[in-house]
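One structure below.
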Amino acid sequence: MIRFEYVSFTYPNADRPALDNISLHLLDGEFALVVGPSGSGKSTLLRCVNGLTPHFSGGVISGGVTVNGLDPIEASPKVMSRHVGFVFQTPEAQFVMDRVEDELAFALENAAMPPQEMRIRVEEVLDLLDLAPLRHRQLDTLSGGERQRVAIAAALAFRPQILVLDEPTSQLDPKSAEDVLQALVRLNTDLGLTILLAEHRLERVLPFVDQIIYLPATGSDLVQGSSAQVLPQIDLTPPLVQVAQKLDWSPLPLTLKEGRRHSLRWLDGRTIAPKSHSESPPAGRPYIRSEGVQVAFKGQTVVQGVDLQVWPGEIVALMGRNGAGKTTLLKTLVGLMRPKQGQIVVDDQNVTGRDVADIGRKVGYLPQNPGALLFADTVREELAVTLRNHGLPPQHAPVDPETLLAELGLAGKADDYPRDLSVGEQQRVALAAIMVTCPGALLLDEPTRGLDYRAKQQLIDLLQRRQRAGAAIVLATHDVELAAIAANRVVLMSQGEVIANGSPAEVLGASPLFAPQVARLFPGTGWLTVDDVCESIC
Amino acid sequence: MILSTTRNPWYVGLVLAAIAVVRAAIQRLDLSTSPLPFSILRFGLFVVTFSAIFNALSVHFGRTVLFVIPPAIPYLGGPVTLEALVYGTLNGLVLTGLFAAFTVFNQAVTIRQLIRLVPQAFFPVAIMVSIAITFVPVTLRHARDIREAQAVRGHRLRGLRDWLPLVMPLLVGGLERALQLAEAMTARGFASTDEAGHDALTRLTILLGLTLLIGGWLLRLVWGYAVGGLLLLLAGIGLIMGILWRVGRRVSRTNYRPQPWTGADWAIVAGAVGAAAGFVVPWPGLDRSSIFFYPYPQLSWPAFQPLLGLVIAGLLVPALLALRLPVKNKRGVKRPSPTAQRGEPQIPPAGGLGGP
Amino acid sequence: MRQRTLSAAIFVMTTLIGIIAFFYPFWLPLVKQSAITSQSHAADSPLMLTLLVGVCFVVLLLEVQGQATSAKLIALLGMLIAINSILRFIEAAFPLPGGFSPIFFLIVATGYIFGARFGFLMGALTLLVSSLITGLMGPWLPYQMFTAGWVGLTAPLCRPAVWMLNGEGKWREVLVLALFGGFWGLVFGVIMNIWFWPFATGPAGQYWEPGISLSETLQRYALFYVVTSLVWDVARSAGNVALTLILGLPTLAALRRFQSRFTFEYRPLFPSSPTQGEL
């Protein structure tokens, strides 16, 4: 049981509280979802449950927290670790040992548990999370999803009654994320574990959730209640819920199955001309052209014979499973990897085998982790560094840095330390640092990973503005909804080859794996996004 | 230990042979977990040749002159002697032996096993080392990402100054990860605050131990009270060991994979310590003069003391034990249960094959 | 207060013994003349040296480690050691000029910012971990660990100089650290040579023999040093200075930024018992 009574908390040196007079109540065995935009205090709230706030962070707290009859502030995280398991966002920064079994035993060893008891506990959590086949593996050979499952198992080693997870899937691809969420659902239904989960991906967990706790940005009060009560009040919802709200479906569907019951009834008797997504084929010469590109990495062919053309003014979504060769293809286009065969032509120049720094002026590449880029003291300085690298004096910059920052919504942050910004803002700073040389093409690797709905929308707006300005944009992504909303063309890769290349409706609409929620709700209409639905009926 | 005390080719040769035998025996078990950066043999050849030539050319001392380099050439000029050549070769062999001993040791014992052998008193240090080793591959991957990300921004490595964009994100990223890891550890029951330091009794005992140690040493060396000094020394060491034990006992920790210290382990330690003691401790009745082989000024046939030769055989214990065992899977990968590993030889971390 | 004195006493004592032990070839002849020493005692002094240095190292490690069960301290050190070990990979992978090694800069910087305990652990364990990983362990490892630990242990000595110059966050601060790094670049080489110099009994006028006088010892050592190591050590020293000047300001800023996150005061409004949380 978890109870918060009028809890306020202020970080050291902060001028306003991160939590302001929060009260909530959770029963044993409940599955609660914590949602809210980034910076609304979700993480801080979760950390109050095991005393990490304020024991780890410092700061001033007031009000009362009761967890399993204990006060976490008085009891300290060490005591709370027996009652509350905690799982964090980044899978790679939670481990002390290098092998699965050792990692699971680590906390038990420190608690001086007798070896016999320890063996039982380790076997137990290995089974709970289906990790037995991986028990002897090195942690850095595991996938992100497997590592997050190990982290959950490690958190459960003390047999806590409560499991708290802070955005555990935000760094994972959809398949791994689903594995992790399914494991949680099983723990909740089979073991009766109380689960408190902060999560962006509502669509997978909504059907299993007992309570939603919504933390609005600032100013307004926390909302707590069942899914049906809370969802109508919040603006960060999956497409299914948005459509249902637009069409006044009641009761609110939480699963596609429920939704389809509504949609079939709704479609019945209406004649809807299938939306045609036919766009005029791009004219002129492609900005980027790869011809028969073949790339090998560590002796294995990762990309084979890819012909790809990207025209100015279009957004291409590059999709496919993990290891399909998406990232390798992007890296090859920008010169980070050398093709074994074939050639790459950018802006009518053959750039195969040229230096990355040269190609980088014409083709901007945003890696998965924008943090790898940022090192300067201020946002403004980051832009200046890129210009200096290319030997461009600030007055001869192809675009005025201040204008660019304003365009990216960073005007007020020019003097901030880049790494203190939110994930979405950091990504935009990294984009600005790349775009300051005005490259004709932008390649983005998994740009929506870790972003909440709002930051994602900002990114889409930004990309569409660049597109209208004539940029050729390629997104390597797992995010189906992003591809449905933003892309003009979807290229599907598998085992290093292009297996489909066409409009989103052609490639995504028919795919059993990649179809967005709206396409699944309204099969045969050609609709992909909530906006498509609105256009047709409004 | 033996290698650093003797230059007698008999003993050096025997130790090298012992190392080679142990290595062969261990390889039969397929315990080699890490491929060597380069072969010991090639390293040895290079070192021996280099050391011999260098010594012969730079040291113009000894009676058996091979040939004379005109003295007009600076540094190199002068007679080149057989003695210098022999001595250089011996030095090279000793270096090779030291290196080979450490390599064999590395092959037999994985890093993780070493960490588990760290005494309980030093468990914070063991965990730090463990974290560092866990995060080296992560940091390497991060370093590669950073290099790529900066290259795309037009970064080129021209001078020292260009290291800044590579090192800073690595450092700051590491600090950020440290914060996350610390939080994760705290959530799993590690204390987030730190009672720094030990109690006064521990510290006073350590100080007393150190005083006894230095006192004993000075007594022995400066004033020549051999026995009294030795007693003080031993008392000092005893006190410090006692404190280590006491601090270790206070650490309440258990081990998921206890490594029982078996008879085989004792045999190996005994063999190694016996060999070392034979060479280092002045046993009454043992003629130790053959240890101090010195080819200058006139090369002579080195003396051989059979008893000392026999002592070196103590180093072969791990090989004998290894031969008794059936060939096993790669060590550290499959470990069915703690009982199944009891027979495996544990080469001790200290006092071993060729320590300084 | 008493605890602090005891702790300081241990630092001073181990450092003194370490210096005495490391430098024994120099003072041994001074006392030898008046002493009645037999042959066997002279022979066991290298052994004693190893033993003393070993015990000092163990004691110092125990003292600086304290009862460090703080997750923050352990995680931070583990991560910094990992980073520094990677820098040592670079040293192993590229032939850098002479004895230049990028690891000293970070040891000095962390010791300076986070204190002597931290610096010692950083220095000693960086050497340990990087040798474990590269597999380049050797008999020199304990001495390297000890000496690199000293580098970190003494780094806070720069603080008074910086305070006097009122240079925190300015170029003057970096300059002080650069000079300190340069100084240690040379001294590191001197110390690392001394430990094996007496063992490397060669006949040239560059090697130590039992029974030679102090002046001759110094002369021989100086010659040995100039011939074998001066170039390396100057390169190391210059490398430290250059690296500190280039990376100094941003690195110190980054470490300070995190120092405030790793050390804080916990002031709850309720319950009323304030606890101190620090490294």
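Here residue A:388 clears all of (1) within 13 Å of chain B (Cβ to nearest Cβ); (2) more than 31 Å from the chain's Cα centre (by Cα); (3) farther than 30 Å from residue C:255 by Cβ; (4) basic (Lys, Arg) except the condition numbered (3).
What's the total number of residues in segment A:135-156 that are without any contact (Cβ under 8 Å) to a residue 60 or more places away in the chain and closer than 16 Å to residue A:183 by Cα? Spell out the reasoning first.
The initial filter retains those residues of segment A:135-156 that are without any contact (Cβ under 8 Å) to a residue 60 or more places away in the chain, namely A:135-142, A:144-147, A:149-150, A:153.
Then drop every residue that is not closer than 16 Å to residue A:183 by Cα, which leaves A:144-147, A:149-150, A:153.
Total meeting the criteria: 7.
Conditions tested, residue by residue: (1) at pLDDT below 80; (2) more than 19 Å from the chain's Cα centre (by Cα).
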site	(1), (2)
C:142	yes, no
C:150	no, no
C:164	no, yes
C:171	no, yes
C:184	no, no
C:194	yes, no
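For segment B:145-164, the condition of being part of a helix (DSSP H, G or I), facing another protein chain (nearest Cβ under 7 Å) and touching a residue at least 40 places away in the same chain (Cβ under 8 Å) holds for none of the residues. Note on segment C:59-71: among residues that are closer than 12 Å to residue C:146 by Cα and facing another protein chain (nearest Cβ under 7 Å), the one that is farthest from the chain's Cα centre (by Cα) is C:59. Against the test of being hydrophobic (A, V, I, L, M, F, W, C), closer than 19 Å to residue A:74 by Cβ and in contact with a Leu (Cβ under 7 Å, 6 or more places away or on another chain), the options A:24, A:46, A:52 yield a single qualifying residue, A:46.
Scanning segment A:510-534 for residues that are free of Cβ contacts under 8 Å to residues at least 40 places away in the same chain and over 16 Å from residue A:479 (Cβ atoms) yields A:510, A:512, A:523.
Regarding segment A:84-98, can at least one residue be identified that is aliphatic (A, V, I, L, M), surrounded by 22 or more Cβ atoms within 10 Å (Cβ to Cβ) and farther than 21 Å from residue A:46 by Cα? Yes - at least one qualifying residue is present in segment A:84-98. Of the residues screened, residue A:86 is one that is closer than 25 Å to residue A:28 by Cα and at pLDDT 90 or above.
In segment A:256-277, which residues are surrounded by 14 or more Cβ atoms within 10 Å (Cβ to Cβ) and modelled with pLDDT of 85 or more? Scanning segment A:256-277 gives A:256, A:258, A:259, A:260, A:262, A:263.
Restricting attention to segment A:85-99, the residues that are more than 7 Å from chain B (Cβ to nearest Cβ) and in contact with a strand residue (DSSP E or B) (Cβ under 7 Å, 6 or more places away or on another chain) add up to 4. Of the residues making up segment A:52-84, those that are part of a strand (DSSP E or B) and either within 7 Å of chain C (Cβ to nearest Cβ) or of a type in the set (S, T, N, Q) (or both) are A:60, A:61, A:62, A:66. Touching a residue at least 12 places away in the same chain (Cβ under 8 Å), not polar (S, T, N, Q) and not in a helix (DSSP H, G or I): is that true of residue A:14 in this structure? Yes; evaluated as a whole, the condition is true for this residue. With respect to residue A:124, is the statement that it is more than 8 Å from chain B (Cβ to nearest Cβ) and under 32 Å from the mean Cα position of the chain (by Cα) true? Criteria met by residue A:124.
In segment A:164-173 there is at least one residue that is over 29 Å from residue A:513 (Cα atoms) and within 25 Å of the chain's Cα centre (by Cα). Against the list (1) farther than 30 Å from residue A:452 by Cα; (2) within 14 Å of chain C (Cβ to nearest Cβ); (3) surrounded by fewer than 22 Cβ atoms within 10 Å (Cβ to Cβ), the condition residue A:117 fails is (2). The set of residues in segment A:363-379 that are surrounded by fewer than 20 Cβ atoms within 10 Å (Cβ to Cβ) and over 19 Å from residue A:447 (Cβ atoms) comprises A:377, A:378. Restricting A:407, A:381 to those that are away from chain B (no Cβ under 11 Å), in contact with a Lys or Arg (Cβ under 8 Å, 6 or more places away or on another chain) and under 27 Å from residue A:457 (Cα atoms) reduces the list to A:407. Identification of helices (runs of 4 or more DSSP H) wholly contained in segment A:385-478 with 1 or more residues that are surrounded by fewer than 20 Cβ atoms within 10 Å (Cβ to Cβ) and of a type outside the set (A, V, I, L, M) yields A:401-407, A:453-468.
Total residues in segment C:72-98 satisfying the condition of being modelled with pLDDT of 80 or more and either within 7 Å of another protein chain (Cβ to nearest Cβ) or surrounded by fewer than 19 Cβ atoms within 10 Å (Cβ to Cβ) (or both): the figure is 14. Give the residue that is farthest from residue C:190 (Cα to Cα), with candidates limited to residues of segment C:229-246 that are assigned to a helix (DSSP H, G or I) and polar (S, T, N, Q). Checking each candidate, the answer is C:244.
Would you check if there is a residue in segment A:221-229 being buried (at least 18 other Cβ atoms within 10 Å of the Cβ), farther than 22 Å from residue A:454 by Cα and out of contact with any Gly (no Cβ under 9 Å at 6 or more places or on another chain)? No - not one qualifying residue is present in segment A:221-229.
The values are calculated or read from the model by the stated rules, or taken from the named source; none is laboratory data. All figures in this text were calculated on a predicted structure; none of them were measured in a lab. Glycine also receives a Cβ, built like all others from the backbone with ideal geometry; neighbour counts cover every protein chain displayed.
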